[in-house]
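*Asks:* The following block contains the structure, expressed as C-alpha cells.
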Amino acid sequence: MMEKINIRRAAEPDISAISKLLYEVQKVHSDARPDLFRAGGKKYDDEELKMILADNDRPIFVAEKAGNILGYIFCVHQQHMNNNSLTDIKTLYIDDLCVDETARNEHIGSLLYEYVLEYAAQKGCYNVTLNVWADNVNAMKFYEKLGLKVQKIGMEKIL
C-alpha cells in the first residue's frame with residue numbers, strides 16, 4: 001500500500017528540510033541565470049524562515065510522506081486597499097513552490113497547488129498568482145498544465 005501524502009502548514013521543525021529544498025530551487029535558477037542568481041545560495045536563511053513561519057500573512061505548506069518533507073509552497077496574502085488603479089481584491093501569491101528532485105512525477109506539486117487553491121478560496125481570495133522565470137521551462141509547462149494563464153510579462157534588456 002502506498003504511503004499517503006499529507007499537506008499541512010509548515011512548522012519550525014521543518015526548517016532544515018525546507019532549507020534543503022530552497023537550495024534545489026536556487027540551483028535551477030543559478031544554472032539558468034548565473035548573472036542574476038548566486039550559485040550555492042538560497043532565497044531565505046533559517047532566521048528568515050522562522051519569521052515567515054510565524055507570519056499568518058505568509059503561510060508555508062509542506063507535503064509530507066512517511067515523515068519526510070517532499071515539497072513546499074510559500075504563499076503571501078496580498079490586497080491593495082484604496083489603490084488609485086487597482087481594485088481591492090484579495091490575492092494569494094505563490095512566492096515559491098518546490099518538490100524534492102527525488103520525488104518528482106509523484107504529483108506532489110499538483111497536490112500542493114490544489115491545497116493552496118482550496119485554502120485561498122476559504123480565505124475569500126479572488127485569485128492565486130505567481131511568477132515564473134522564462135528560462136524555467138519545466139515550471140512553465142507545469143503551471144500551464146494546472147490551468148494557469150499568463151497575467152503579465154516582465155521584460156529586460158541586459159546592458
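The values are calculated or read from the model by the stated rules, or taken from the named source; none is laboratory data. Note that the structure is predicted; figures quoted are calculated from it, not measured. Glycine also receives a Cβ, built like all others from the backbone with ideal geometry; neighbour counts cover every protein chain displayed. The accessibility values were calculated without ligands, DNA or RNA, using every heavy atom of the protein model including side chains. Shrake-Rupley method; radii C 1.70, N 1.55, O 1.52, S 1.80 Å.
*Asks:* On alpha-carbon atoms, Rg over Rh for the chain using Kirkwood Rh?
*Replies:* Numbers: Rg = 16.2 Å, Rh = 16.8 Å.
Rounded to two decimals, Rg over Rh is 0.96.
*Asks:* Summing +1 for each Lys or Arg and -1 for each Asp or Glu, what net charge is found among the other residues whose Cβ lies under 11 Å from the Cβ of residue 123? Mind showing how you got there, number by number?
*Replies:* Details: positive: 90; negative: 57, 118.
That sum, taken over residues with Cβ under 11 Å, equals -1.
*Asks:* Keeping all protein chains in place, calculate the accessible area per residue for region 102-144 (probe 1.4 angstrom), answer in Å².
*Replies:* Details: 2870 Å² over 43 residues.
Result: 67 Å² of accessible area for each residue.
*Asks:* Of the heavy-atom accessible surface of the chain (probe 1.4 angstrom), what whole percent is carbon and sulfur?
*Replies:* Values: 5450 of 10540 Å².
It is 52 percent, rounded to a whole number.
*Asks:* Tally Lys and Arg at +1 and Asp and Glu at -1 over the other residues with C-beta under 12 Å from the C-beta of residue 39: what net charge comes out? Could the numbers behind the result be given before it?
*Replies:* Values: positive: 27, 33, 38, 42; negative: 31, 35.
Summing Lys and Arg as +1 and Asp and Glu as -1 gives +2.
*Asks:* OK, next. With 26 Å as the limit, write out which pairs from 42/90; 4/145; 20/65; 4/152; 20/123; 50/152 have Cα-Cα distances beyond it, or answer none. Mind showing how you got there, number by number?
*Replies:* On the way: 42/90 28 Å; 4/145 23 Å; 20/65 16 Å; 4/152 36 Å; 20/123 29 Å; 50/152 31 Å.
Over 26 Å apart, Cα to Cα: 42/90; 4/152; 20/123; 50/152.
*Asks:* Tell me, what HN-Hα J-couplings in whole Hz come from the Karplus equation 6.51 cos²θ - 1.76 cosθ + 1.60 at θ = phi - 60° for each residue of region 120-127, using x for Gly and Pro?
*Replies:* Once rounded to whole Hz, the list reads 4, 4, 4, 8, x, 6, 7, 8.
*Asks:* For the chain, with a Gaussian network of springs between Cα atoms less than 10 Å apart, report the residue from 92, 111, 70 with the top mean-square fluctuation.
*Replies:* 111
*Asks:* Residue 6: net charge of surrounding residues, Cβ under 10 Å, Lys/Arg +1, Asp/Glu -1, itself excluded? Intermediate values should be presented prior to the final figure.
*Replies:* Numbers: positive: 4, 8, 65; negative: 3, 64.
Once all neighbours under 10 Å are counted, the net charge is +1.
*Asks:* Tell me the relative contact order for the chain as a rounded percent, counting alpha carbon contacts under 8 Å between residues six or more apart. Numbers along the way, then the final one.
*Replies:* Values: 214 pairs, mean separation 32.1, N = 159.
The normalised contact order for the chain reaches 20 percent.
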